[in-house]
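The block underneath contains the structure these notes are about, expressed in structure tokens.
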Amino acid sequence: MYQFDWSSIPGALPYLWQGMLRTLQITGVAVVVGIVLGTLIAVARLSKSSILSNLAALYVSGFRSVPLVMVLLWFYLLVPQIISSLFGQPGLDIRLLSAFVAFALFEASYYAEIIRAGIQSVSSGQVSAGLALGMTSGQTMRLIVLPQAFRRMIPLLLTQAIILFQDTSLVYVIGLAEFFGVAYNTGNRDGTLVELLLFAGIVYFVICFAASMIVRSLQKKLVS
Amino acid sequence: MVSFVAGLDWNIFFQPAFDGSGTYLRFLLIGLAWTILLSVTAWILAFVIGSIVGVLRTFPGRLLPGLGAVYVELFRNVPLLVQLFLWYFVLPEIIPGLGTWFKQALNPLLQQFVSGVLCLGFFTAARVAEQVRSGINSLGRGQRGAGLALGLNLPQVYQLILLPVAYRIIIPPLTSEFLNIIKNSAVASTIGLAELSRQAQQLGEFTAHWYESFIAVTLLYGIINVTVMIVSQFVERVTRLPGYLGGRK
């Protein structure tokens, strides 16, 4: 029988907490930038200009056809080069910056699809009514369509945020230590990989399960 | 931009690979083969388990649907990378007998492959189960009642009435789950399986031609995607249900 040895976890808790803060930081940046950029892309995708809508479609299908692991590796290749050609060699954490950029741009393509579906779910009568009141099409989008669309999309946007929270563990491939990376490194160092990986799994499960329960009850509230 | 493109050296793919397996082109194609083999095997596992769990969730009573729900929540709320490490590093340690056999009898490549298949299969099964469940639930209670009233038993109702229609309705979401499994298979590079993105990193590390390597691999993923979509459009056309808009509900 396997003898579990949980003794290295209590001492590692401060580091694991630091890792969790980093996880939340990456998630937060990607959610905010992803939704803002995703909204712009969704509006471009639905615009009458075929150039804009094709460019937006290309962005979305491009990012969605490549594994996240490759996207992270790509930006860990590109970001340092761009930074050094723009600013020389600043004292930035290049791994963290690459992760921010990769997740923000990658998530934008997923958020764009959610937001596009949300915009299309608002009935066309609303747009006509806005235009009939003398609003420009930009005003109609901003003041009438988007507020209704976002209200409907909140559960989906939050669910995507939970998926993103889980996906941040993949920054392991560029050697950035967020929660999962810290757990793995601690386990590797102390020879307690089994316990640390189980611990990490339980923590992710508790957080994500609780969050998805909250989203589900929110969804019920919004529907009624 | 122009000087960057001109600076790329595509001849790298015709030079011999560091591991003596042939040219680097062949090296990448080996990775492509592993990606496809891993994805397809895991997909079969996901389809079987997902169908069982999805059907359980639509059964009458509380126990069986409850078990199905536990499965889905468990596999949906733990990151894929953590699940992979649990399959690869943890389970062989803590399962007596079988785990020792796994570590001693299988060569490393087979260990990586089996862990990858089990991980992707069980992970994707949770998503397939949700699709199967929503497919069955979309049929309406009348179908089940009609089947039972005709004297069929419950397994017959599922086998002859509910599942044949439900599967045809959920082909589009199942296609996107298949595309997801291909993308998710890149995670297996973290345990050293020589699939496409692992080969891309190896090629970059040994030749320093990172851009050529990443561009080639990104294009290969794109080609896989387009191929799957063309095939699935054909399948959708053939299996389209009369009376459903585009076969999709």
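Each reported figure results from applying straightforward, stated rules to the coordinates on display, with no laboratory input. All of these numbers come straight from a predicted model, not from anything done at the bench. Cβ placement follows ideal geometry from the backbone for every residue including glycine, while neighbour counts extend to all protein chains displayed.
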Can you tell me the orientation of helix A:8-45 relative to chain A, as the angle in degrees between its alpha-carbon axis and the longest Cα principal axis, to the nearest 10? 20
Would you please state which residues of the stretch A:62-90 a label at B:L8 would reach in this model, taking the label point 7 Å out along Cα→Cβ and a backbone N cut-off of under 19 Å? A:62-67, A:70-82
Angle between chain B longest axis and helix B:196-207 axis [Cα atoms, degrees, rounded to 10]: 10
Choice from A:P80, A:P155, A:P67 with maximal GNM fluctuation in chain A (Cα, 10 Å cutoff): A:P67
Given A:V182, A:L46, A:Y2, which one lies farthest toward the positive end of the charge dipole of chain A, if we put +1 on the Cβ of every Lys and Arg and -1 on the Cβ of every Asp and Glu? A:L46
Using helices alone, I'd like the mean residue ellipticity at 222 nm for chain A: each DSSP H run of four-plus residues gives -39500 (n - 2.57), total over residue count, nearest 500. -27000 deg cm²/dmol
Tell me, what is the FRET efficiency for B:L25 and B:V231 to the nearest 0.05, using R0 = 25 angstrom and their Cβ-Cβ distance as r? 0.50
What order do you get for A:Y59, A:Y184 when you list them from fewest to most C-beta neighbours inside 10 Å? A:Y59, A:Y184
In the Gaussian network model of chain B, springs joining C-alpha atoms below 10 Å, which of B:G22, B:G54, B:G204 carries the largest mean-square fluctuation? B:G22
Just from its helices, what would the mean residue ellipticity at 222 nm be for chain B, if runs of 4 or more DSSP H residues each count -39500 (n - 2.57) and the sum is divided by every residue, rounded to the nearest 500 deg cm²/dmol? -22500 deg cm²/dmol
Treating only the Cβ of Lys, Arg, Asp and Glu as charged (+1, +1, -1, -1), what charge dipole size does the stretch A:1-120 show about its Cα centre? Round to the nearest 20 debye. 380
Against the 2.2 N^0.38 Å rule of thumb, the C-alpha Rg of the protein assembly as shown sits at a ratio of 1.05
Based on Cβ point charges of +1 for Lys and Arg and -1 for Asp and Glu, what charge dipole magnitude is obtained for the stretch A:8-223 about its Cα centre, in debye rounded to the nearest 20? 800
How far apart, in nanometres, would the label points at B:L98 and A:L77 be if each is projected 7 angstrom from Cα along the Cα-to-Cβ direction? 4.0
Can you put A:D93, A:D190 in order of Cβ neighbours within 10 angstrom, beginning with the fewest? A:D93, A:D190
Residues of B:91-100, mean number of Cβ from any other protein chain within 10 Å of their own Cβ, rounded to a whole number? 2
Give me the inter-chain shielding for A:209-221: mean count of other chain Cβ atoms within 10 Å, whole number please. 1
Going by amide H atoms built from the backbone, whose H comes under 5 Å of the H on B:T23, apart from near neighbours? B:A17
In chain B, if the dipole is taken from +1 on Lys/Arg beta carbons and -1 on Asp/Glu beta carbons about the Cα centre, which of B:Y221, B:A69, B:I191 is farthest to the positive end? B:A69
Please list the radius of gyration and Dmax for chain A, considering alpha-carbon atoms only, with Å as the unit. 21.1, 76
Please give the helix B:210-239 orientation as an angle from the longest Cα principal axis of chain B, in degrees from 0 to 90, rounded to the nearest 10. 20
Modelled label reach - B:L154, point 7 Å along Cα→Cβ, the stretch B:44-62 residues with backbone N closer than 16 Å: B:52-62
Place +1 on the Cβ of every Lys and Arg and -1 on the Cβ of every Asp and Glu in the stretch B:70-217, take the dipole about the Cα centre, and give the residue among B:N180, B:V132, B:F89 whose Cα lies farthest towards its positive end. B:V132
Expected sort for B:E195, B:E212, B:E93 with the fewest Cβ neighbours (10 Å cutoff) up front is B:E93, B:E212, B:E195
About the Cα centre of chain B, what is the dipole size in debye to 20, counting +1 per Lys and Arg Cβ and -1 per Asp and Glu Cβ, all else neutral? 1200
Other protein chain Cβ atoms within 10 Å, averaged over every residue that makes up B:81-88: 6
